[in-house]
Amino acid sequence: MLYHRWEYSVPADESVVVQPDGCRDLILVSRQDEPDTVRMTDWDSQPHAVHLQAGTKMVGYRLSPGTTIASTVLTNEKLSTDTLEDMIQSEATGNSEISDLIDALARSNSTVEQVARQSGRTARTLQRQFRDLSLPSPDFWRLLGRARRAVTALPCRVPLQKSLMNTDTAIRLI
């Protein structure tokens, strides 16, 4: 699947921390008294805070890595949710070879050099191929896979921020 649709309405002003996940989102943002806008998120290499205003409504399309969208989708000023979804369905193209390379890079103990060699390329050629597709470097995907494995290995699913706060409290008590 090239994308996954999601929706979110903001009942009150809020701030959220967006974690890097290796995907980009195409988002239709609706606010009262403002024209709808379409935004493409950047590749996140670190967590960042996003401030959302009450009354904001978003319909997003989480694009799989390697999925490209024609720039006409981003520059179209008169988009509705239905129009945007139709354009994404007709304009989105995927690259299964890149998806396979990203999966290989995310595996435990794989290196960029190993994945490149197994795909019949040099590491430098692999880096250029990712750059030409406007994707983060192969090493980004390797490190993202490592981070995902680390999260799944944690014994509990307590948010990191709460976990760190508890650690700070424990350290101060010692």
Fill in: Whole-Hz couplings from phi, Karplus 6.51/-1.76/1.60, listed for region 145-153; x for Gly and Pro
x, 4, 5, 4, 5, 5, 5, 5, 7
Worksheet item: Could you give the nm distance between label points at Asp33 and Ala150, where each point is 7 Å from its Cα heading toward the beta carbon?
Response: 4.5
Worksheet item: If you plug each phi of region 104-109 into the Karplus form 6.51 cos²θ - 1.76 cosθ + 1.60 with θ = phi - 60°, what whole-Hz ³J(HN,Hα) values come out, in order, with x for Gly and Pro?
Response: 5, 5, 7, 5, 4, 6
Practice prompt. Using only protein heavy atoms and a 1.4 Å probe, report how much of Thr37 is accessible, in Å² to the nearest 10.
Written response: 60
Worksheet item: Considering only Leu26, Leu2, His48, whose Cα is most displaced toward the positive end of the charge dipole of region 1-49, charges sitting on Cβ of Lys, Arg (+1) and Asp, Glu (-1)?
Response: Leu2
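What's the extension gain from Gln127 to Arg107 if we count 0.36 nm per residue and subtract their Cα-Cα distance?
Values: separation 20, 0.36 × 20 = 7.20 nm, distance 1.76 nm.
Gain on extension, Gln127 to Arg107, equals 5.4 nm.
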Discussion item. Just to confirm the filter: which chymotrypsin sites (Phe, Trp or Tyr not before Pro) across region 36-132 are DSSP coil and have at most 16 other Cβ within 10 angstrom of their Cβ?
Written reply: Trp43
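Where the convex hull is taken over the Cα atoms of region 43-145, what is its projected area averaged over directions, in nm²? Don't skip to the answer; put the middle values down first.
Details: hull surface 33.3 nm².
Taking a quarter of the hull surface, the average projection is 8.3 nm².
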Worksheet item: For Asp44, which sequence-distant residues (separation of 5 or more, or a different chain) have an amide H within less than 5 Å of its own amide H, given hydrogens modelled in the peptide plane?
Response: Asp21, Gly22
Fill in: In Hz, Karplus ³J(HN,Hα) per residue of region 31-36 (6.51, -1.76, 1.60; θ = phi - 60°; x = Gly, Pro)
10, 4, 6, 9, x, 5
Worksheet entry | Net lengthening on full extension, Thr41/Ala54 (0.36 nm per residue, minus Cα-Cα) | 2.7 nm
Worksheet item: What is the Cα centroid distance between region 1-59 and region 92-135, reported in whole angstrom?
Response: 28
Discussion item. Pairs of alpha-carbon atoms within less than 8 angstrom and 6+ residues apart define the contacts here; what relative contact order does region 1-75 have, in percent?
Written reply: 46
Fill in: Added length on full extension, which subtracts the Cα-Cα distance from 0.36 nm per residue, Val17 to Ser119
33.1 nm
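The values are calculated or read from the model by the stated rules, or taken from the named source; none is laboratory data. It should be emphasised that the depicted structure is a prediction, and the values quoted were computed from it without experimental measurement. Because the Cβ atoms are built from the backbone with ideal geometry, glycine has one as well, and the counts that use them run over all protein chains shown. Surface accessibility is based on the protein's heavy atoms, side chains included, excluding ligands, DNA and RNA. Shrake-Rupley method; radii C 1.70, N 1.55, O 1.52, S 1.80 Å.
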